[in-house]
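Peer 1: Could you have a look at this structure, given as structure tokens, before my questions?
The values are calculated or read from the model by the stated rules, or taken from the named source; none is laboratory data. Worth saying up front: this structure is predicted, and the values here are computed from it rather than measured. Please note: Cβ atoms are built from the backbone with ideal geometry, for glycine as well, and neighbour counts cover all protein chains shown. What goes into the accessible areas is simple: the full protein's heavy atoms, side chains included, and nothing from ligands, DNA or RNA. Shrake-Rupley method; radii C 1.70, N 1.55, O 1.52, S 1.80 Å.
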Amino acid sequence: MLITKKHVSLLLLLLVMFFFHLSSGTKITYNVQSYGAKPDGKTDSTKAFLNAWAAACASTKSVMIYVPQGRYLLASAAFWGQNCKNKDTTIKIDGTLVAPSDYKVIGNTGNWLKFERVNGLTISGGTFDGQGAALWTCKTSGKSCPNGATGLTFSNSSNINIIGLTSENSQMFHILVDNCDNVKLQGVKVSAPGNSPNTDGIHVQYSSRVTIMNSRIGTGDDCISIGPGTSNLWIENIACGPGHGISIGSLGWEVQEPGVQNVTVKTVTFKGTQNGLRVKTWARTSNGFVKDILFQHIVMTNVQNPIIIDQNYCPNNENCPHQGSGVKISDIKYRDIRGTSATEVAVKFDCSKKYPCSGISLEDVNLSYKNQPAEASCANAGGRASGFEKPNSCL
Ligand SMILES: *[C@@H]1O[C@H](CO)[C@@H](O)[C@H](O)[C@H]1NC(C)=O
Ligand SMILES: *[C@@H]1O[C@H](CO)[C@@H](O)[C@H](O)[C@H]1NC(C)=O
Ligand SMILES: *[C@@H]1O[C@H](CO)[C@@H](O)[C@H](O)[C@H]1NC(C)=O
């Protein structure tokens, strides 16, 4: 038979299709039920999940861990990645992972489910139920109780993708990103009651290139909180409330502390939250800093402190021996911020006497209080306002 150009291209096409099939269609799948996980919400499935993880980890190819529908009871577990032989693990979850109802079981462990030193992980779907209610009751009653465990932790990890995950009723923070690089969270739902203590939605610290998009967060503490050592953080299209808003800080607890820089917060709505856009530093000696921050296209509805920089944070005047904050705040831009404040002062810059805020820029701010223009208050803050100004700028 004559081999024509047509034959060659057909053969090439078939080869391409074959390899495409290999690379995408045939991920080896590890079903947690094959490792003994029970979808009954009662049988402890921790070992089964860890064993499925270990098996997936040993594969040199792309792998998928599959969690079918049902409720799986899990105690504290750490999924270590440093010995994994592949950099492409997907955990696809159709079910609900539920923490023990007795909060003491995980309450002193610090973390419920933790991914540590993992490179190349996607978690798709799933509900994570921390069953925190009994611990919150204990905490608010003033009894002595455990600190509680963070719901889902990613630490010392890189190239992580979280898609369409729900985290609810965590004992403490819902999701923690700590010491990570390149983490994307999309379509995440976080929910806990507005009066549940310390239930921050997503906390990011010591991490770079974290993206949080298209998510809905309602909690009893910050929707998103940003700790020291965070850079190149992108937050976009978030609905926040109830909760304490989006907060950079608290910073400046330590004397030696890495700064926060290049944070973008875009297209966010705040409904009935305690704060909107907050920067908060301890009134303590520190070499930390906050710079190059952009807040843009923000809508506030009945927010107590829509725009606030608080550099005199020192609850009960404890642990801040007559010190001003050493954290240097510069180049913070607020653009197109509108809506309603629940208090008269909608813009408050309470900066450090020792290191005044500089380069604050307000552009097109339109915040009202009870159908009147709200007020602004400044201390040790420098910068400029342009465009529409309501309240009148105090810079
Ligand atoms: C994670 O990284 C931090 C900072 O590099 C380090 O101090 C810590 O020991 C690491 N933890 C683990 C478990 O590797
Ligand atoms: C700031 O961070 C964004 C990602 O959030 C990144 O695309 C951009 O390059 C960073 N800018 C600088 C100057 O590093
Ligand atoms: C400012 O907000 C008020 C109340 O929402 C609205 O009526 C007004 O048109 C806004 N002004 C500008 C310039 O956007």
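Peer 1: Among (1) touching a residue at least 60 places away in the same chain (Cβ under 8 Å); (2) more than 21 Å from the chain's Cα centre (by Cα); (3) under 16 Å from ASN380 (Cβ atoms), which single condition is PHE349 missing?
Peer 2: Every condition holds for PHE349 apart from (1).
Peer 1: Can you tell me which residue among LYS348, LYS370 is farther than 30 Å from GLU254 by Cα, of a type in the set (Lys, Arg) and either modelled with pLDDT of 95 or more or within 16 Å of ligand 3 (Cβ to nearest atom) (or both)?
Peer 2: Exactly one residue qualifies, and that residue is LYS370.
Peer 1: To continue, here is another question. Would you call VAL210 assigned to a strand (DSSP E or B), modelled with pLDDT of 95 or more, outside the structural domain of ASN319 (by TED's automatic domain parsing) and over 24 Å from GLY339 (Cα atoms)? Before the answer, list the steps.
Peer 2: Details: assigned to a strand (DSSP E or B): yes; modelled with pLDDT of 95 or more: yes; outside the structural domain of ASN319 (by TED's automatic domain parsing): yes; over 24 Å from GLY339 (Cα atoms): yes.
Yes: the conditions hold for VAL210.
Peer 1: Taking region 253-277 only, how many residues are surrounded by fewer than 17 Cβ atoms within 10 Å (Cβ to Cβ) and within 16 Å of ligand 2 (Cβ to nearest atom)?
Peer 2: Counting residues in region 253-277 that are surrounded by fewer than 17 Cβ atoms within 10 Å (Cβ to Cβ) and within 16 Å of ligand 2 (Cβ to nearest atom) gives 3.
Peer 1: Moving to a separate point now. Just to be sure before I move on: is VAL365 open to solvent by less than 50 Å² (accessible area, probe 1.4 Å) and over 25 Å from the mean Cα position of the chain (by Cα) in the structure I sent?
Peer 2: When the stated conditions are applied, VAL365 passes them.
Peer 1: While we're looking at this one, here's another question. Are any of the residues in region 229-252 within 16 Å of the chain's Cα centre (by Cα), within 16 Å of ligand 1 (Cβ to nearest atom) and buried (at least 19 other Cβ atoms within 10 Å of the Cβ)?
Peer 2: Taking every residue of region 229-252 in turn, at least one turns out to be within 16 Å of the chain's Cα centre (by Cα), within 16 Å of ligand 1 (Cβ to nearest atom) and buried (at least 19 other Cβ atoms within 10 Å of the Cβ).
Peer 1: Follow-up question, since we're still on this one. Based on what the data block shows, is LYS104 of a type in the set (D, E, K, R) and in contact with a Ser or Thr (Cβ under 9 Å, 6 or more places away or on another chain)?
Peer 2: It is false that LYS104 is of a type in the set (D, E, K, R) and in contact with a Ser or Thr (Cβ under 9 Å, 6 or more places away or on another chain).
Peer 1: Separate question: Is there a residue being within 16 Å of ligand 2 (Cβ to nearest atom), over 25 Å from GLY194 (Cβ atoms) and in contact with an Asp or Glu (Cβ under 6 Å, 6 or more places away or on another chain) anywhere in region 281-289?
Peer 2: The answer is no, given that none of the residues of region 281-289 is within 16 Å of ligand 2 (Cβ to nearest atom), over 25 Å from GLY194 (Cβ atoms) and in contact with an Asp or Glu (Cβ under 6 Å, 6 or more places away or on another chain).
Peer 1: To continue, here is another question. I'm told SER101 meets every condition in (1) over 20 Å from the mean Cα position of the chain (by Cα); (2) more than 22 Å from THR219 (Cα to Cα); (3) not aromatic (Phe, Trp, Tyr) except one. Can you identify the failing condition by its number?
Peer 2: Going through (1) over 20 Å from the mean Cα position of the chain (by Cα); (2) more than 22 Å from THR219 (Cα to Cα); (3) not aromatic (Phe, Trp, Tyr) one by one, SER101 breaks only (2).
Peer 1: Has region 314-328 got any residue that is within 21 Å of the chain's Cα centre (by Cα), open to solvent by 50 Å² or more (accessible area, probe 1.4 Å) and either more than 16 Å from ligand 3 (Cβ to nearest atom) or within 24 Å of ALA374 (Cα to Cα) (or both)? Talk me through it step by step, then tell me what you get.
Peer 2: Taking region 314-328 as the starting set, the residues that turn out to be within 21 Å of the chain's Cα centre (by Cα) are none.
No, region 314-328 contains no residue that is within 21 Å of the chain's Cα centre (by Cα), open to solvent by 50 Å² or more (accessible area, probe 1.4 Å) and either more than 16 Å from ligand 3 (Cβ to nearest atom) or within 24 Å of ALA374 (Cα to Cα) (or both).
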